[in-house]
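Let me begin by presenting the structure, written as structure tokens, before commenting on it.
The values are calculated or read from the model by the stated rules, or taken from the named source; none is laboratory data. If you're wondering where the values come from, they're calculated on a predicted model, not measured in any experiment. For neighbour counting, all protein chains shown are included, and Cβ atoms are generated from backbone atoms with ideal geometry for every residue, glycine included. Heads up: the accessible areas ignore ligands, DNA and RNA and are worked out on the full protein's heavy atoms, side chains in. Shrake-Rupley method; radii C 1.70, N 1.55, O 1.52, S 1.80 Å.
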Amino acid sequence: MAPDEHEHDHDHDHNGHHHDHDHEHDDDEGEAVVALIITNQEKILANQKTIAGNQKALEKLLTGQKAIQANQKAILTNQKKIEANQKQLAQIVANQTKIQTAQKKLDQILANQKKILAKK
């Protein structure tokens with residue numbers, strides 16, 4: 001009877017211990033998985049907030065780029081107007097030169113008329 005009891009006790013202890021060990025191991029593993037899932041969900045949430053922030057920043061950049069494009073078009077239009085004005089200015093300067101030349105001729109004619117009148 002003694003050897004049977006001993007054998008039975010040994011098996012029971014072994015099985016009990018083995019069962020407890022597996023159970024603890026499963027709980028630890030389960031807790032670790034849950035902790036990992038929670039950590040990953042927190043990371044996902046943080047990433048989603050970052051993405052939302054980046055999208056807002058991108059919208060501002062796109063708005064800025066549209067404004068820049070509008071300004072560039074306005075600058076191009078103004079540059080064309082400036083070129084046209086410079087051509088007009090060049091024409092005015094050329095006309096002023098012609099006027100000065102004509103004025104000198106007119107002054108010469110007036111001087112000659114004075115000489116003629118003085119002789120009379």
Inter-part distance where the range 69-92 and the range 31-45 are each reduced to a Cα centre, Å: 62 Å
Reciprocal mean inverse distance between Cα atoms of the range 19-114 - Kirkwood radius, Å: 21.9 Å
Cβ-based charge dipole, the range 21-120, positive-most Cα from A102, N78, A57: A102
Solvent-accessible area per residue, Å², over the range 46-119 with all protein chains present [probe radius 1.4 Å]: 95 Å²
Label point 7 Å beyond Cα of I99 along Cβ direction - residues of the range 72-86 with amide nitrogen under 16 Å: none
Inter-label distance for I82 and A111, nm, one decimal - labels placed 7 Å from Cα along Cα-to-Cβ: 4.3 nm
